[in-house]
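> First, the structure itself, so that you have it in front of you.
The values are calculated or read from the model by the stated rules, or taken from the named source; none is laboratory data. Quick caveat, the model's predicted, so the values are computed rather than measured. Because the Cβ atoms are built from the backbone with ideal geometry, glycine has one as well, and the counts that use them run over all protein chains shown.
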Amino acid sequence: MSETQLRSHQWFGRHDLMGFTNRSWMKNQGHAEHLFDGRPVIGICNTWSELTPCNGHFRILAEQVKKGVYEAGGFPVEFPVMSLGEALMRPTTMLFRNLASMDVEETLRANPVDGVILLTGCDKTTPATVMGACSVDLPTLVVSGGPMLNGKWGNQDIGSGTHSYRFTDDLRAGAMSLEQYMEAEACQSRSEGHCMTMGTASTMACMVEALGLTLPSNAAIPAVDARRKRLAHMAGNRIVEMVHEDLRLSKVLQRENFENAIRINGAIGGSTNFVIHLLAIAGRLNIPLDMDDFDRLGSRMPLLVNLMPSGEYLMEDFYYAGGLPAVIETLRDVLHMDALTVTGRTMGENVAGAVCHNPKVIGTPDNPVQPEAGLAVLRGNLCPDGAIIKPSAASPHLLQHTGVAVVFEDIDDYHARIDSPDLEADEDSVLVLKNVGPKGYPGMAEVGNMGLPARLLRKGVRDLVRISDGRMSGTAFGTVVLHVTPESATGGNLALVHNGDRITLDVPSRSLTLDVPEEELVVRRSNWTPLPAHTDRGYVSLYTSHVQQANLGADFDFLRGGSGSPVPRDSH
Ligand code: FES
């Protein structure tokens with residue numbers, strides 16, 4: 001791409017009031033004259049925030065990217081976008097994913113940016129920035145922040161989230177003291193980086209690598225490993241080349257890249273959140289993808305990566321064992337190895353020669369951790385537009401189960417009654433949680449893996465079938481049916497479940513059935529009234545008016561597709 005074809009030329013390549021203004025104010029930061037000579041301007045889209053502890057080290061990473069950009073003859077400009085910290089934000093970061101994507105999209109389009117590096121880490125920061133970038137379609141490369149080192153407590157490795165849930169159950173069951181509980185929380189998060197289980201953040205880091213949007217090995221390098229900084233430096237080199245090659249997102253991301261990502265997600269035991277985010281990203285590019293693709297392509301994949309919550313190890317171990325390149329190499333026969341990536345090479349070329357250094361952490365199709373993993377997509381009268389379950393994180397004895405529903409009308413009802421002595425629940429019950437979907441919560445919170453009644457925990461029960469229109473943390477586990485669509489707040493059949501109804505989950509036959517005659521459901525539907533609106537102003541009002549259902553990625557209806565990167569008219 002020639003100098004005058006760059007977007008930034010229309011800001012910095014002019015000798016008029018706008019050119020004077022654009023260069024002059026930038027020069028107050030000390031930028032030398034030659035940086036305005038027509039070289040590519042590279043945006044470093046930084047989701048750093050002290051309120052997003054997983055991304056707290058990103059300013060250092062941005063400096064590494066800048067080194068690489070300068071070295072390759074580009075002009076790096078770092079800018080902040082809305083950050084989404086899973087640990088602190090309420091009511092759920094998912095409520096703000098689409099907002100953050102709009103921030104990315106509009107910031108890129110409104111500014112003199114020719115190519116962009118997305119610095120992402122905590123769960124939603126990855127899909128949000130990728131969605132926004134897809135709608136602009138510039139040369140784009142993702143650098144993940146990397147996982148924390150393994151949690152260490154006593155003589156055991158403990159994993160983000162996975163052990164938080166276990167320890168909380170143990171505390172409630174009286175199997176752990178408060179002193180131990182407090183000590184464990186400091187031992188779990190002992191370095192910079194995001195959750196180090198195969199939770200949503202690690203899943204998203206693997207997703208962007210599997211899509212071909214990163215340099216090889218991006219997903220697993222620990223945040224504090226010097227090789228993470230080297231990778232950021234090299235990404236800075238590469239993005240400048242990508243601008244010269246005009247290698248835009250839409251050239252890289254083809255249907256084959258998405259199919260690769262789905263298969264790889266099955267093999268790594270990735271988070272259920274993968275489904276909703278990949279659907280949303282595909283929607284921005286108008287690439288046809290639906291729920292059934294996830295079952296058809298991913299559900300029979302062997303589980304090759306032995307990481308919590310489905311397995312034993314953590315991301316640090318995964319990196320030392322070979323990381324995602326070793327997984328991709330071993331799946332060569334079932335992947336599109338000719339899919340293009342941001343390196344300018346194919347997926348196959350990127351991983352050629354990658355080896356596994358520890359077969360306990362990374363298996364092979366002939367010797368997998370589990371013969372089948374992936375995510376199963378369920379249908380039935382309870383979820384005509386789909387629901388999902390992660391069988392590898394479920395209890396095998398509950399994958400075919402009929403039980404009596406114990407219904408919570410919303411999350412407040414759940415909190416109020418879950419430990420009530422009057423709650424009629426036993427080890428065969430099916431817990432049903434309504435109104436935690438995109439419109440209902442609002443924002444589709446990660447509450448689907450609702451904790452069990454303390455009374456049952458004390459009896460040693462550690463899993464029940466749980467059903468909701470919400471999501472669950474990628475670090476969680478259990479026989480948890482999620483993303484029930486249509487959600488109860490829109491009048492889906494989930495809204496019509498009563499205490500005492502029988503529900504049948506049959507994962508092998510992919511069905512979820514409410515055993516209530518249709519005539520009875522018709523009567524219940526006629527008596528159903530929608531919840532009052534959460535608010536009639538501000539972003540939440542916009543969100544609930546425009547958010548689509550989970551089977552469409554819970555993106556806004558008006559954000560599907562993209563508007564490209566045309567340079568807007570002058571501001572003065
Ligand atoms: Fe940020 Fe888990 S809380 S990745």
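> If I ask for residues that are assigned to a helix (DSSP H, G or I) and over 25 Å from the mean Cα position of the chain (by Cα), which ones from region 373-403 would you list? Spell out how you get there, then give the answer.
Residues of region 373-403 that are assigned to a helix (DSSP H, G or I), as a first pass: 391-393, 396-398.
Those that are assigned to a helix (DSSP H, G or I) and over 25 Å from the mean Cα position of the chain (by Cα): P396, H397, L398.
> Among the residues of region 480-494, is any in contact with a Ser or Thr (Cβ under 6 Å, 6 or more places away or on another chain) and hydroxyl-bearing (S, T, Y)?
Residues of region 480-494 in contact with a Ser or Thr (Cβ under 6 Å, 6 or more places away or on another chain): 482, 494.
This time we only want the ones that are hydroxyl-bearing (S, T, Y), so: none.
Checking region 480-494: not a single residue is in contact with a Ser or Thr (Cβ under 6 Å, 6 or more places away or on another chain) and hydroxyl-bearing (S, T, Y).
> Does at least one position in region 357-364 carry a residue that is surrounded by 18 or more Cβ atoms within 10 Å (Cβ to Cβ), part of a loop (DSSP other than H, G, I, E, B) and not aromatic (F, W, Y)? Walk me through it before giving the result.
From region 357-364, those surrounded by 18 or more Cβ atoms within 10 Å (Cβ to Cβ) are 361-363; that's our starting set.
From the residues that got through so far, the ones that are part of a loop (DSSP other than H, G, I, E, B) too are 361, 363.
Filter once more, keeping what is not aromatic (F, W, Y): 361, 363.
For region 357-364, residues surrounded by 18 or more Cβ atoms within 10 Å (Cβ to Cβ), part of a loop (DSSP other than H, G, I, E, B) and not aromatic (F, W, Y): present.
> Out of region 76-91, which residues are within 16 Å of the ligand (Cβ to nearest atom) and touching a Lys or Arg at 6+ places or on another chain (Cβ under 6 Å)?
Residue satisfying the conditions is L84 alone.
> Right, here's the next one. Looking at the structure I just gave you, is G121 surrounded by 24 or more Cβ atoms within 10 Å (Cβ to Cβ), in contact (Cβ under 8 Å) with a residue 60 or more places away in the chain and more than 20 Å from the chain's Cα centre (by Cα)? Don't jump to the end; show me each part of the working.
On the way: surrounded by 24 or more Cβ atoms within 10 Å (Cβ to Cβ): yes; in contact (Cβ under 8 Å) with a residue 60 or more places away in the chain: yes; more than 20 Å from the chain's Cα centre (by Cα): no.
For G121, the condition - surrounded by 24 or more Cβ atoms within 10 Å (Cβ to Cβ), in contact (Cβ under 8 Å) with a residue 60 or more places away in the chain and more than 20 Å from the chain's Cα centre (by Cα) - is not met.
> Got a sec? Which of S526, S571, S541 is more than 25 Å from I388 (Cα to Cα), touching a helix residue (DSSP H, G or I) at 6+ places or on another chain (Cβ under 9 Å) and either loosely packed, with under 14 Cβ neighbours inside 10 Å or of a type in the set (S, T, N, Q) (or both)?
The conditions single out S571.
> For L457, state whether it is out of contact with any Ser or Thr (no Cβ under 8 Å at 6 or more places or on another chain), touching a residue at least 40 places away in the same chain (Cβ under 8 Å) and not in a loop (DSSP other than H, G, I, E, B). Lay out the reasoning, then the answer.
Working: out of contact with any Ser or Thr (no Cβ under 8 Å at 6 or more places or on another chain): yes; touching a residue at least 40 places away in the same chain (Cβ under 8 Å): yes; not in a loop (DSSP other than H, G, I, E, B): yes.
So L457 passes the test.
> Mind listing just one residue for me: the one in region 449-487 that is within 16 Å of the ligand (Cβ to nearest atom) and in contact with a strand residue (DSSP E or B) (Cβ under 8 Å, 6 or more places away or on another chain) and, of those, nearest to V436 (Cα to Cα)?
Within region 449-487, the first condition is being within 16 Å of the ligand (Cβ to nearest atom), and the residues that meet it are 449, 471-477.
When the remaining residues are screened for being in contact with a strand residue (DSSP E or B) (Cβ under 8 Å, 6 or more places away or on another chain), the result is 449, 471-472.
Numbers: N449: 12, R471: 8, M472: 11 Å.
Among them, the one singled out is R471.
> Counting only residues that are among the aliphatic types (A, V, I, L, M) and in contact with a Cys (Cβ under 9 Å, 6 or more places away or on another chain), how many does region 317-352 have?
Counting residues in region 317-352 that are among the aliphatic types (A, V, I, L, M) and in contact with a Cys (Cβ under 9 Å, 6 or more places away or on another chain) gives 4.
> Might you check whether a residue that is under 30 Å from L452 (Cα atoms), of a type outside the set (F, W, Y) and in contact with a Ser or Thr (Cβ under 9 Å, 6 or more places away or on another chain) occurs anywhere in region 341-357?
No, region 341-357 contains no residue that is under 30 Å from L452 (Cα atoms), of a type outside the set (F, W, Y) and in contact with a Ser or Thr (Cβ under 9 Å, 6 or more places away or on another chain).
> Every residue in region 96-141 that is part of a strand (DSSP E or B), within 16 Å of the ligand (Cβ to nearest atom) and among the aliphatic types (A, V, I, L, M), please.
L118, L119
> Please go through region 182-227 and give me each residue that is within 24 Å of N350 (Cβ to Cβ), away from the ligand (no atom under 15 Å from the Cβ) and part of a helix (DSSP H, G or I), ordered by number.
E209, A210, L211, A226, R227
> Here is a follow-up. Take the residues of region 142-176 that are without any contact (Cβ under 8 Å) to a residue 60 or more places away in the chain and either in a strand (DSSP E or B) or of a type in the set (A, V, I, L, M) (or both): which is farthest from the ligand (Cβ to nearest atom)?
The residue in question is A175.
> Can you find a residue in region 28-38 that is at pLDDT 95 or above, closer than 22 Å to A128 by Cα, surrounded by fewer than 18 Cβ atoms within 10 Å (Cβ to Cβ) and more than 16 Å from the ligand (Cβ to nearest atom)?
no
> Can I ask one more? Can you tell me how many residues in region 517-572 are on the phi < 0 side of the Ramachandran plot and either among the small types (G, A, S) or in a loop (DSSP other than H, G, I, E, B) (or both)?
Within region 517-572, the subset on the phi < 0 side of the Ramachandran plot is 517-537, 539-552, 555-560, 562-563, 565-572.
From what is left, the residues that are either among the small types (G, A, S) or in a loop (DSSP other than H, G, I, E, B) (or both) are 517, 526, 528-537, 541, 545, 548-550, 555, 560, 562-563, 565-572.
Total satisfying the criteria: 29.
> Sticking with this structure for a sec: Looking at (1) in contact (Cβ under 8 Å) with a residue 24 or more places away in the chain; (2) outside any strand (DSSP E or B); (3) hydrophobic (A, V, I, L, M, F, W, C), which one does C45 not meet, given that it meets all the others?
(2)
> On to the next question. Among (1) surrounded by fewer than 24 Cβ atoms within 10 Å (Cβ to Cβ); (2) among the β-branched types (V, I, T); (3) under 18 Å from L335 (Cα atoms), which single condition is V224 missing?
Of the numbered conditions (1) surrounded by fewer than 24 Cβ atoms within 10 Å (Cβ to Cβ); (2) among the β-branched types (V, I, T); (3) under 18 Å from L335 (Cα atoms), the odd one out for V224 is (3).
> Could you list, in sequence order, all residues of region 48-75 that are more than 16 Å from the ligand (Cβ to nearest atom) and either more than 35 Å from the chain's Cα centre (by Cα) or part of a helix (DSSP H, G or I) (or both)?
The first filter runs over region 48-75 and keeps only residues more than 16 Å from the ligand (Cβ to nearest atom), leaving 59-60, 62-75.
Within region 48-75, R59, I60, A62, E63, Q64, V65, K66, K67, G68, V69, Y70, E71 qualify.
> Here is a follow-up. For region 544-572: of the residues being in contact (Cβ under 8 Å) with a residue 40 or more places away in the chain and among the charged types (D, E, K, R), which is farthest from P532 (Cα to Cα)?
D570
> So, R560, is that one surrounded by 17 or more Cβ atoms within 10 Å (Cβ to Cβ) and charged (D, E, K, R) or not? Give the derivation first.
Working: surrounded by 17 or more Cβ atoms within 10 Å (Cβ to Cβ): yes; charged (D, E, K, R): yes.
In short, yes.
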